[in-house]
1. If I go through region 60-70 residue by residue, how many of them are part of a helix (DSSP H, G or I) and either touching a strand residue (DSSP E or B) at 6+ places or on another chain (Cβ under 7 Å) or surrounded by 10 or more Cβ atoms within 10 Å (Cβ to Cβ) (or both)?
2. Filter region 25-36 down to residues that are surrounded by 11 or more Cβ atoms within 10 Å (Cβ to Cβ) and assigned to a helix (DSSP H, G or I) and give me whichever is nearest to the chain's Cα centre (by Cα).
3. Please find, among 39, 44, 50, the residue that is modelled with pLDDT of 85 or more and assigned to a loop (DSSP other than H, G, I, E, B).
4. Identify, please: which residue in region 6-19 is assigned to a helix (DSSP H, G or I) and touching a helix residue (DSSP H, G or I) at 6+ places or on another chain (Cβ under 9 Å) and is, among those, surrounded by the fewest Cβ atoms within 10 Å (Cβ to Cβ)?
5. Among the numbered criteria (1) surrounded by 11 or more Cβ atoms within 10 Å (Cβ to Cβ); (2) at pLDDT below 90, which one does residue 22 miss?
6. Kindly list the number of the only condition in (1) more than 16 Å from the chain's Cα centre (by Cα); (2) modelled with pLDDT of 95 or more that fails for residue 56.
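The values are calculated or read from the model by the stated rules, or taken from the named source; none is laboratory data. All values derive from a computational prediction rather than experimental measurement. Positions of Cβ are generated from backbone atoms using ideal geometry, with glycine treated the same way; all protein chains shown enter the neighbour counts.
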């Protein structure tokens with residue numbers, strides 16, 4: 001098993017990866033777009049885990065991801 005997922009067996013990890021691929025949620029790069037950030041905030045807010053929103057520009061920088069993608 002991979003050291004980052006010690007508690008998760010390989011079959012479960014494979015199932016999760018296949019699900020991401022099937023849903024077309026597997027990204028081709030690491031650029032965290034504003035739309036994705038806001039979707040994450042919505043999910044966290046609706047689940048009661050987020051009590052205050054933070055502006056995308058305050059928390060996220062894409063400079064390094066954009067450089068790596070080139």
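1. The number of residues fulfilling the criteria is 5.
2. Filtering first and then ranking leaves 36.
3. Unique residue meeting the criteria: 50.
4. Result: 12.
5. (1)
6. Checking residue 56 against (1) more than 16 Å from the chain's Cα centre (by Cα); (2) modelled with pLDDT of 95 or more, the one that fails is (1).
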